[in-house]
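Remarks on the structure that follows.
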Amino acid sequence: MGLRTVEAAGRGSPDQARPAGPDDCLSVREGRLHVEELDVVDLAARFGTPLFVLSETQLRRNVRRFRAAFAAEWQGPVDVMPAFKANTTLASRSVLTDEGAGADVYSPGELAGVLSTPVDRTLVSVNGGGKSRDYLARCVSEGVRITVEDVDEIDLIQAVSAEQGRTAKIRLRVKPTVPNLWRPTDFSQLTLPIDLAIQVYKSGIPSEYLVSMGRRAIAAPNIDLVGLHVHQGRHHASLWFWEGLMSRFGKLAGELVAAWDGWRPQEIDIGGGWPSPRDPLNEELPRRDFVVTALGFPFLAGLRALGAGMYHRVTSRLLPVLSSHRFREAPPSIEQYAAAAVRTLLRELKAASVPTEGVRLQIEPGRSLYGDTGIHLTRVKTIKRQSQPFPYSWVLTDTTTFFLAGGHFERSRFRHVVANKADRPATMTADLVGHSCFADQIVLGARLPEVVAGDVIALLETGAYQESSASNFNALARPATVMVCGDQADVVRRAETMEDVYSRDRVPPRMLLFRDAQGDPIAMETRP
């Protein structure tokens, strides 16, 4: 019995989990949600809630699928280099290293985490701008790939490499102009075309500097310019986006090869930006709802002239409309993305007479690799309802958007399943909220079966960017992460304690003195 059962039982509610295919690590058995072979409710009882849960089998399956899909199209060597920032648990990183995957890292801390596993150093891509001299020195000594973002970075890399008597392997991160990508970006609530969003984003070298920077790198005695890198992130869940991006990237690569007098790439890195199977990005408050709400404000304000009674009666009719939701269609498959991106890129490179035989194609998936490997478990604390001045309901849980900060920043609307009532129909509508003192709205207008205190709710597609962006607002201790493999479950990141939460705090000695009734100072440890 697969997750399709949940959708059917929920009478088509879009919040219910849609099947991601026969290889989905989630299933419903006798009305209860399972991850691999384990009952989710039992996991919540054993390890407590809130709780992050990862599927080792799904992670291995995903990285193999990426490699196979892109290798089939490229017909040459393909390196999968997952974005470590999406999930920084060392257990998941160890699984990927065991699968022969490289890594995309963005900070010294991420580099240290990845290098704590026996990863192939030549498959580590160090991205990001503003790299310090010490950071670059470690990159050179470790033999990882340095993705250049800053105009003056080449001179610094040459100096550091010369000091060590080594040759640094670098790539240039390009930012092609893409006026062909005119549809709205998913990066923003504002209705901005993708090409504008790409140009105002901080990453990537502006095209005007690329020719001179490449020539400097090629001439530098301690630098080997091995390739080009492009990454634009998750702007649009379509094949159209990848065809458009790769057409411009391929043309730009051809222009650079011609300008650099016979230079040939050894590696071409097209980054990531594919959606996860139940992609929740920018779905909590779609742009159309934002516009409707903004345009409706004068109408709602004007209703007040009719009196509070009429205002609240009309509002009670409007709220269900504003909280209702329709999701995008399921995104294309990884195989479809690979075909669209690689075929377009190969076509443009061939047109520009850029040879590709022996060239390594590299990809850096993040949310698309990790997303469906994870769920987040939370327990219902209480349900609150009101009937006046209009009906409304809230389901308060023991988690918080501050543990799902990546989803908050990206306005994600997570599909969700009441794990112990997974086959019951959705009969109530309520805001699913967390227990911080903010509004803490996790899912607005969630469609649920009738829940009671103690029920376990699973938020799906949380394997990427959620745990790694969690914070301690309200001095809340961050939850544990458990990795499941078959019928085994292990804690791979322990829950924080209160000691952990305050472990970085230091109180100056002068503040540890108090005064007695006579005004004389007494030490804190001796006061009554």
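The values are calculated or read from the model by the stated rules, or taken from the named source; none is laboratory data. Just so it is clear, the structure is predicted and the values come from calculations on it, not from any experiment. Quick reminder, even Gly has a Cβ in these numbers, built from the backbone with ideal geometry, and neighbours come from all protein chains shown. Quick note on the areas: whole protein, heavy atoms, side chains included, nothing else; ligands and nucleic acids left out. Shrake-Rupley method; radii C 1.70, N 1.55, O 1.52, S 1.80 Å.
None of D186, D134 is closer than 28 Å to E283 by Cβ and among the acidic types (D, E) except D186. Return yes or no: is V433 modelled with pLDDT of 95 or more, in contact with a Pro (Cβ under 6 Å, 6 or more places away or on another chain), crowded, with 20+ Cβ neighbours inside 10 Å and not basic (K, R)? Spelling it out, it is not the case that V433 is modelled with pLDDT of 95 or more, in contact with a Pro (Cβ under 6 Å, 6 or more places away or on another chain), crowded, with 20+ Cβ neighbours inside 10 Å and not basic (K, R).
Which is crowded, with 20+ Cβ neighbours inside 10 Å, out of contact with any His (no Cβ under 8 Å at 6 or more places or on another chain) and either more than 30 Å from P320 (Cα to Cα) or aromatic (F, W, Y) (or both), of P508, P479? Only one candidate passes the filter, namely P479.
Looking for something farther than 30 Å from H235 by Cα and open to solvent by less than 30 Å² (accessible area, probe 1.4 Å) - is there at least one such residue anywhere in segment 462-474? No, every residue in segment 462-474 fails to be farther than 30 Å from H235 by Cα and open to solvent by less than 30 Å² (accessible area, probe 1.4 Å). Screening the candidates P425, P479 for the property of being more than 25 Å from S94 (Cβ to Cβ), of a type outside the set (G, A, S) and either at pLDDT 95 or above or over 21 Å from the mean Cα position of the chain (by Cα) (or both) yields one hit, P425. For first residues located in segment 349-361 and closer than 26 Å to T122 by Cβ and polar (S, T, N, Q), partners that are outside any loop (DSSP other than H, G, I, E, B) and open to solvent by less than 40 Å² (accessible area, probe 1.4 Å) and lie 6+ apart or on another chain with Cβ distances below 6 Å form the pairs T356/L349.
The residue that is most open to solvent (accessible area, probe 1.4 Å), among those in segment 373-393 that are touching an Asp or Glu at 6+ places or on another chain (Cβ under 6 Å) and not aliphatic (A, V, I, L, M), is K381. On inspection, G109 does not qualify as in a helix (DSSP H, G or I) and open to solvent by less than 30 Å² (accessible area, probe 1.4 Å).
Residues in segment 132-146: is at least one in contact (Cβ under 8 Å) with a residue 60 or more places away in the chain and open to solvent by 30 Å² or more (accessible area, probe 1.4 Å)? No, because not a single residue in segment 132-146 is in contact (Cβ under 8 Å) with a residue 60 or more places away in the chain and open to solvent by 30 Å² or more (accessible area, probe 1.4 Å). Scanning segment 161-176 finds one or more residues that are in contact with a Ser or Thr (Cβ under 9 Å, 6 or more places away or on another chain), over 18 Å from L228 (Cα atoms) and either small (G, A, S) or assigned to a loop (DSSP other than H, G, I, E, B) (or both).
Consider segment 204-232 and keep the residues that are part of a loop (DSSP other than H, G, I, E, B) and surrounded by fewer than 18 Cβ atoms within 10 Å (Cβ to Cβ). The one that is nearest to the chain's Cα centre (by Cα) is N222. Scanning segment 247-283 for residues that are in a helix (DSSP H, G or I), of a type in the set (D, E, K, R) and farther than 18 Å from Y337 by Cα yields K251, E255.
Any residue at all in segment 490-503 that is under 30 Å from P425 (Cβ atoms), in contact with a strand residue (DSSP E or B) (Cβ under 6 Å, 6 or more places away or on another chain) and not hydrophobic (A, V, I, L, M, F, W, C)?
no
Close contacts from segment 45-57, counting a first residue that is free of Cβ contacts under 8 Å to residues at least 60 places away in the same chain and a second that is of a type in the set (V, I, T) and open to solvent by 20 Å² or more (accessible area, probe 1.4 Å), with Cβ to Cβ under 8 Å and a gap of 6+ residues or different chains, come to none at all. The single condition among (1) among the charged types (D, E, K, R); (2) surrounded by 19 or more Cβ atoms within 10 Å (Cβ to Cβ); (3) in a loop (DSSP other than H, G, I, E, B) that D150 does not satisfy is (2). Listed by first and then second residue, the pairs with beta-carbon distance under 7 Å, at least 6 apart or on different chains, first residue in segment 248-259 and farther than 17 Å from P179 by Cα, second charged (D, E, K, R) and surrounded by fewer than 21 Cβ atoms within 10 Å (Cβ to Cβ), are G254/E348; V257/R264.
The single condition among (1) buried (at least 21 other Cβ atoms within 10 Å of the Cβ); (2) acidic (D, E); (3) more than 25 Å from the chain's Cα centre (by Cα) that E450 does not meet is (1). The set of residues in segment 341-367 being small (G, A, S) and open to solvent by 10 Å² or more (accessible area, probe 1.4 Å) consists of A351, A352, S353, G358. When segment 1-52 is filtered for residues that are assigned to a loop (DSSP other than H, G, I, E, B), under 21 Å from L396 (Cα atoms) and at pLDDT 95 or above, the ones remaining, listed by number, are G48, T49, P50. Count of segment 320-330 residues, restricted to those that are farther than 30 Å from F66 by Cα and either open to solvent by 30 Å² or more (accessible area, probe 1.4 Å) or among the hydroxyl-bearing types (S, T, Y) (or both), is 5. Just one residue in the set S333, S238 is more than 19 Å from I198 (Cα to Cα), small (G, A, S), at pLDDT 90 or above and surrounded by fewer than 21 Cβ atoms within 10 Å (Cβ to Cβ); that residue is S333. Output the residues belonging to segment 295-319 that are among the small types (G, A, S) and either within 37 Å of the chain's Cα centre (by Cα) or open to solvent by less than 90 Å² (accessible area, probe 1.4 Å) (or both). Once the filter is applied, which keeps residues that are among the small types (G, A, S) and either within 37 Å of the chain's Cα centre (by Cα) or open to solvent by less than 90 Å² (accessible area, probe 1.4 Å) (or both), segment 295-319 yields G296, A301, G302, G307, A308, G309, S316.
Within segment 222-238, residues that are charged (D, E, K, R) sit with their Cβ atoms under 8 Å from residues that are surrounded by fewer than 24 Cβ atoms within 10 Å (Cβ to Cβ) and part of a strand (DSSP E or B), at 6+ positions apart or across chains, in these pairs: D224/K169.
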